[in-house]
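A.B. asks: My questions all concern the structure below.
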Amino acid sequence: MTDKPRVWISRPTFPGIIARLEPHFEVTAEAEERKFSSSELAAKLAGQDAAIVGLKDRIGPAEIGQATRLRIVANLGVGYDNLDLDALSAAGIAASNTADVLNESVADYAWALMLGAARRMNAAERWLRAGHWHATEFRQWLGTDVRGHTLGILGMGRIGQAIARRAVGFGMPVIYHNRSPLPEADERACDARYVDKSQLLRESDFLILVLPLTPQTRHAIGAPELAQMKPTAMLVNVARGGIVDDAALATALREKRLAGAALDVFEREPAVHPGLLELDNVVLSPHIASASQETRRAMTALAVDNVLALFGHGPHAGRPPTILNPNVLA
Ligand code: 8YV
């Protein structure tokens, strides 16, 4: 037996990075990734001093009920709608996310999705692979240029701003809506103009969603919002399933009230609404906007830094760098 504190890691990550915990902790890392039930999570967390978890691990009062030693839950994601922050704070447990290290990867991927939808890349590839390419026709597979079209961004945090900065090279004017406008200097840095939500919906040719999922943002894009969008517009979601009403989106796309969509996240993922699977004007991807080698490693390293820091180790000793509830440190 050792008297080191214990840390549980709910999924396989990168052993070389996790090894930084080993001098200070007794480390238990799951060898396979799966979804744990609430009672399994409660049993896993009981007796642990720290946990590194992911979006599939929903942690609230029931899951921490027996975790009397738990001091930090480090989330492998910038979004933390899987954590009940109030319950964790009430129990004196710190929570952290992976803010910032994934901004550029997610921004790149949002652009990849948008360009893919605009130029019909995935549909064209499916057609090619199915053996339909017998001749090259001048007017076949016509997509739409992004240049000169208006890019709308709903949710203008750091990922939204990284997306906006890329628009200069593509010649797209940028409008955005957020709970509040950016400070002037930030707005200037990404050359974006603040508009109200309804103007954003009406004027965007491409609308990218980058807002967190909260009770207030659930179905922020539903039938009434889709009805305000241009029939030529395309919707891109790299934020969270649940922000879009997937059934309403499938209907709008089928009825050609919206030209296209590109979605990395879904309301009931990994299940995808069958209405979306049927459509050719939708690009679908399995929640991989942050999935580059570099970024997933940086996310793991940041989670490790947060755990180490809470226990007084590493460069941030005493101050977990991306703590979500700093009040618990007091
Ligand atoms: C996930 C994400 O963390 O950061 C987020 O909020 O949605 C992603 O980066 C990733 O899919 C790992 O589960």
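A.B. asks: In contact (Cβ under 8 Å) with a residue 40 or more places away in the chain, in the same structural domain as His149 (by TED's automatic domain parsing), touching a strand residue (DSSP E or B) at 6+ places or on another chain (Cβ under 6 Å) and not in a loop (DSSP other than H, G, I, E, B): is that true of Leu235 in this structure?
C.D. replies: No: the conditions fail for Leu235.
A.B. asks: Restricting attention to the stretch 237-271, which residues are among the acidic types (Asp, Glu) and under 20 Å from Leu115 (Cα atoms)?
C.D. replies: Asp264
A.B. asks: Filter the stretch 266-296 for residues that are in contact with a helix residue (DSSP H, G or I) (Cβ under 6 Å, 6 or more places away or on another chain), within 16 Å of the ligand (Cβ to nearest atom) and part of a helix (DSSP H, G or I) and give the result.
C.D. replies: Once the filter is applied, which keeps residues that are in contact with a helix residue (DSSP H, G or I) (Cβ under 6 Å, 6 or more places away or on another chain), within 16 Å of the ligand (Cβ to nearest atom) and part of a helix (DSSP H, G or I), the stretch 266-296 yields only Thr295.
A.B. asks: Taking the criterion of being part of a helix (DSSP H, G or I), among the polar types (S, T, N, Q) and more than 30 Å from Leu142 (Cβ to Cβ), would at least one residue in the stretch 301-323 satisfy it?
C.D. replies: Yes: one or more hits.
A.B. asks: Given the criteria touching a residue at least 40 places away in the same chain (Cβ under 8 Å) and in contact with a strand residue (DSSP E or B) (Cβ under 8 Å, 6 or more places away or on another chain), does Ile159 qualify?
C.D. replies: no
A.B. asks: Is there a residue being touching a Leu at 6+ places or on another chain (Cβ under 6 Å), in a helix (DSSP H, G or I) and away from the ligand (no atom under 16 Å from the Cβ) anywhere in the stretch 146-161?
C.D. replies: Within the stretch 146-161, none of the residues are touching a Leu at 6+ places or on another chain (Cβ under 6 Å), in a helix (DSSP H, G or I) and away from the ligand (no atom under 16 Å from the Cβ).
A.B. asks: Are any of the residues in the stretch 29-41 charged (D, E, K, R) and surrounded by 16 or more Cβ atoms within 10 Å (Cβ to Cβ)?
C.D. replies: No - not one qualifying residue is present in the stretch 29-41.
A.B. asks: Given the conditions (1) more than 23 Å from Ala112 (Cα to Cα); (2) under 19 Å from the mean Cα position of the chain (by Cα); (3) surrounded by 14 or more Cβ atoms within 10 Å (Cβ to Cβ), and given that Ala164 satisfies all but one, which numbered condition is not satisfied?
C.D. replies: Just one mismatch for Ala164, condition (1).
Per-residue answers, yes or no, for (1) surrounded by 20 or more Cβ atoms within 10 Å (Cβ to Cβ); (2) among the charged types (D, E, K, R); (3) not assigned by TED's automatic domain parsing to the domain that holds Ala51:
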{"residue": "Lys230", "(1), (2), (3)": "no, yes, yes"}
{"residue": "Arg254", "(1), (2), (3)": "no, yes, yes"}
{"residue": "Arg257", "(1), (2), (3)": "no, yes, yes"}
{"residue": "Gly260", "(1), (2), (3)": "yes, no, yes"}
{"residue": "Asp280", "(1), (2), (3)": "no, yes, yes"}
{"residue": "Val304", "(1), (2), (3)": "yes, no, no"}
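A.B. asks: When Leu41 is evaluated against the numbered criteria (1) in a helix (DSSP H, G or I); (2) within 16 Å of the ligand (Cβ to nearest atom); (3) touching a residue at least 40 places away in the same chain (Cβ under 8 Å), which criterion, by number, is the only one it fails?
C.D. replies: Result: Leu41 fails condition (3) only.
A.B. asks: Only one of Ala130, Ala123 is without any contact (Cβ under 8 Å) to a residue 12 or more places away in the chain and either within 30 Å of Ala309 (Cα to Cα) or not assigned by TED's automatic domain parsing to the domain that holds Pro61 (or both). Can you tell me which?
C.D. replies: Ala130
A.B. asks: In contact with an Asp or Glu (Cβ under 8 Å, 6 or more places away or on another chain), within 21 Å of Ile52 (Cβ to Cβ), of a type in the set (Ser, Thr, Tyr) and within 16 Å of the ligand (Cβ to nearest atom) - does that describe any residue in the stretch 310-329?
C.D. replies: yes
A.B. asks: Looking at Ile9, Ile72, can you tell me which residue is within 16 Å of the ligand (Cβ to nearest atom), buried (at least 21 other Cβ atoms within 10 Å of the Cβ) and touching a residue at least 12 places away in the same chain (Cβ under 8 Å)?
C.D. replies: Selected residue: Ile9, the only one of Ile9, Ile72 that is within 16 Å of the ligand (Cβ to nearest atom), buried (at least 21 other Cβ atoms within 10 Å of the Cβ) and touching a residue at least 12 places away in the same chain (Cβ under 8 Å).
The values are calculated or read from the model by the stated rules, or taken from the named source; none is laboratory data. A quick note: this is a predicted structure, and the numbers were derived from the prediction, not measured. As a convention, Cβ positions derive from the backbone with ideal geometry for all residues, glycine included, and neighbour counts pool all protein chains shown.
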